[in-house]
Each structure stands twice: as C-alpha cells, then as structure tokens.
Amino acid sequence: MHGLFLDLRGRRVVVVGGGPVAARRTARLVEDGADVLVVAPAVCEDLAALAAADAVRWTARDYAPGDLAGAWLAHTATGVRSIDDRVAADAETERIWCVRADDAAASSAWTPAVARAGDVTVAVSAGGDPRRAAALRSAIAVLLDTGGLPLRHHRAPAAGHVTLVGGGPGDPGLITTRGRRALAEADVVVVDRLAPRALLAELADDVEVVEAGKAPHAHTLTQTEINAVLVERARAGKRVVRLKGGDPYVLGRGGEEVLACTQAGVPVTVVPGVTSAIAVPGAAGIPVTHRGLARQVTILSAHDTTPDWATLARLEGTLVLLMGVARIAAYADALVAHGRDRGTPVAVVENGTLASQRTTVGTLGTIADLARERGIGNPAVVVVGDVASLADVH
C-alpha cells in the first residue's frame, strides 16, 4: 500500500450510485475540480442539486459496460454488491483505480478522511476503518483550525501576504480559530499593546515580533511606520500578521492599514475579531442593548477630542466610550451640560475579560469621584446608559 495524492482537476471521474454516500464523494470530487460523471437511475437531492447546477453530469440509467471509458478514477457506491463487483472488475480490466464504498478490502484505491486548513491538507487512513479515520481526522482538524499544529511555511512563498487579525478584548481564548491559524502560519507578527499578548509565547523562536503598541502619549511606532513595516516585510516574501486588540475595523485603524497594503500592491486579508466595545461590557454582565432599556448603541473613541456632545446627549440607548478613563470627568460634565440626567447609570470595566477585571458603577454625577477614589485606569471601557445598572460588580 502506498500513500499518494491525485490531481483530479479536469480529469474524468465516474461515480456509480445516486445515494447519500455517492453524494458526499461527488461533492468532494467537485471541490477538487474533477470532471464528474454520475451514473444512476435515480439520485438523492444533493446529487440532483449538483446536476442542476451543471457541477456534474448525470446519466439517468443503470451502470453499463463502457461507462468507465476515458476515466482516471471510479467510485462505486450503489449498495448492490453485484453492481459494485461489476464496476470494480471493469475498472481492473481498464487499469483504472476504483474506490468501493461497500468493501474497502476489495478496493484498489481508498478515500481517506481529509482535514484542510488553508493550503494544508492532511489525509487519514486507518486500516479500512472509516469511522476511526473520521474520528482522527476531526481531532486533527481542530488542531489545524486553532493553530495547534506547526503550519509555517519553510519554503518561501512566491509572494508575501498581510493578515489583519482581530485578537479580541484581551482573553487569549476569545481570538477566533481563524486568527489562531494565521498566527501559526506567521513569519512576522506586528503586535499592539492591547492584543492578546499571551499568544506570542506560542510562536517559534525565529518568528519576528515587531512592537507597535500605543499607549496614551507613548507610541512605539507611528501609524505611518506601522504601515511601512507591513508592506516592507510582505514585499520580502513574509507572511505578516498584524495582531490587534478587539476588531481591526472598530476604532482600530484597520481600514488605514488595508488601504496602505492595497496601494502598495500587497495582498491583505482581514480576520474579524470580538470587539471590546461589546465584549467587555458583556463580560461584566452588561448587555449593551436590552429590551425596555436600550435599543441602540453608540461607540465613541476617547481619542476624539471634539465629540458632538449635544447630539450624543440626545441619543437614546447606550453610549460606549473606549479608553475614556483619562477624560471621564470632562465627558460626564459635557453630557450633563447638554441635557443628559446626572442620575444616568455609568459603569467602568477595567481589564475586561482578564483575571484582573474590575467594574465600578456610578452615575454621570458621581463617576468621576469614584474613578479617582478607586484609581481607575486604562485599559477600560466606559458604559453610559440604563444598561450599566445591570453590571455584576465584583
């Protein structure tokens, strides 16, 4: 027995049988680009849909000698032993590999259980035991999806690539599986201060880590310099991950970085993340929308020094301020000055989703004093609105 991958693109494959097993195998063959001919007097819904979409050709009759002419591979899954025997015998005569669904021991070829992640394909065969192979495949697929297996290229790709990954609100477990996989494939990681930095410990020693963290009044790199690093490393043929906190497109300047890459002709992909504007209040027991309390939510960056307070004060629903602790007194005063009730509930959630998470609840009239008394600091999310009263305070 010898393991082998086949390139079936544009090559004739004949599938004999029209039931669910034949449908599953046909769907995979279509994904692989094969020229598929299905021979069966009747087909199940999934196969009928493929035929209707012209993804396969269907000959609506029983199998007949000559149906394998021009084929590179045959699959037989009729459920009728005598027919499967005949297909396998004809394939042997024509020197065509044949996969039998009914009897792996009588097959001249076998279809492994396959796990795919990006350009990685892992095929699992387990001594003719398809359930065992499928169980192993599923376990491997999880590791591939979550970056638990070594996925980095050791031969330089033809061209570099940039992936913007939203790392979520802080807890490493809240990054998406696609984001974890991108990190596992990275040659260079350009990381923000509020990204899930614990994930950096999982990188190989030769992965370059570029610090791009931004703190108030202390920038390791300017945005222009970050853009330049992404483009430069990608042009050098590297797989670059821009690891950001939250979501790249929610007050994260991800749009600017994508634009810089596209203008430089560098391929770029965005992996969305869990935004802290929603997740951090949620981790503190605060739903940013809640029936009877708030039907809408407005998100404001603390870096915006000239908000339209008159409009913000009139808005119904919840106001979420990101990184607004330093100006919380001025923000509260501005909202009250433009008509918001001093008794409006306010919650401040520090270090959301981390073990050090802490929540402080007050009102627009009291939150500034509470913040000073408790020494509240960034990173923090400020929630203004009736929903803040629902916070779990620990």
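Results for (1) more than 30 Å from residue 162 (Cα to Cα); (2) among the polar types (S, T, N, Q), shown as yes or no for each residue.
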site	(1), (2)
259	no, no
273	no, no
279	no, no
292	yes, no
307	yes, no
344	yes, yes
354	no, no
359	yes, yes
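Scanning for something assigned to a strand (DSSP E or B) and either under 34 Å from the mean Cα position of the chain (by Cα) or of a type in the set (Val, Ile, Thr) (or both), does the stretch 89-107 turn up at least one residue? Yes, that holds for at least one residue. Set side by side, the residues 54, 46 differ, and just one is under 34 Å from the mean Cα position of the chain (by Cα), modelled with pLDDT under 95, surrounded by 14 or more Cβ atoms within 10 Å (Cβ to Cβ) and not aliphatic (A, V, I, L, M), which is 46. When residue 173 is tested against the conditions (1) surrounded by fewer than 16 Cβ atoms within 10 Å (Cβ to Cβ); (2) modelled with pLDDT under 90, the lone failure is (2).
Look through the stretch 362-394, keep the residues that are assigned to a strand (DSSP E or B) and over 34 Å from the mean Cα position of the chain (by Cα), and return whichever of them is nearest to residue 314 (Cα to Cα). Among residues in the stretch 362-394 that are assigned to a strand (DSSP E or B) and over 34 Å from the mean Cα position of the chain (by Cα), the one nearest to residue 314 (Cα to Cα) is 363.
Residues 288, 361: which one is crowded, with 20+ Cβ neighbours inside 10 Å, without any contact (Cβ under 8 Å) to a residue 40 or more places away in the chain and not assigned by TED's automatic domain parsing to the domain that holds residue 245?
Numbers: 288 fails: without any contact (Cβ under 8 Å) to a residue 40 or more places away in the chain.
Residue meeting the stated conditions: 361.
Exactly one residue out of 54, 67 is touching a helix residue (DSSP H, G or I) at 6+ places or on another chain (Cβ under 9 Å), in a loop (DSSP other than H, G, I, E, B) and of a type in the set (Asp, Glu): that is 67. When 40, 27, 23 are screened for being within 27 Å of residue 122 (Cβ to Cβ) and in contact (Cβ under 8 Å) with a residue 24 or more places away in the chain, only 23 passes.
For the stretch 172-198, the tally of residues that are in contact with a Leu (Cβ under 6 Å, 6 or more places away or on another chain) and more than 23 Å from residue 227 (Cβ to Cβ) stands at 2. Would you please name the residue that is surrounded by the fewest Cβ atoms within 10 Å (Cβ to Cβ), looking only at residues in the stretch 221-269 that are in contact with a Leu (Cβ under 8 Å, 6 or more places away or on another chain) and closer than 16 Å to residue 211 by Cα? Only one residue fits best here, namely 229.
Looking at 243, 293, 251, which one is in the same structural domain as residue 194 (by TED's automatic domain parsing), touching a residue at least 60 places away in the same chain (Cβ under 8 Å) and within 30 Å of residue 314 (Cβ to Cβ)?
Working: 243 fails: within 30 Å of residue 314 (Cβ to Cβ); 293 fails: in the same structural domain as residue 194 (by TED's automatic domain parsing).
On inspection, the qualifying residue turns out to be 251.
The values are calculated or read from the model by the stated rules, or taken from the named source; none is laboratory data. Please read these numbers as outputs of a predicted model, since none were measured by experiment. As a convention, Cβ positions derive from the backbone with ideal geometry for all residues, glycine included, and neighbour counts pool all protein chains shown.
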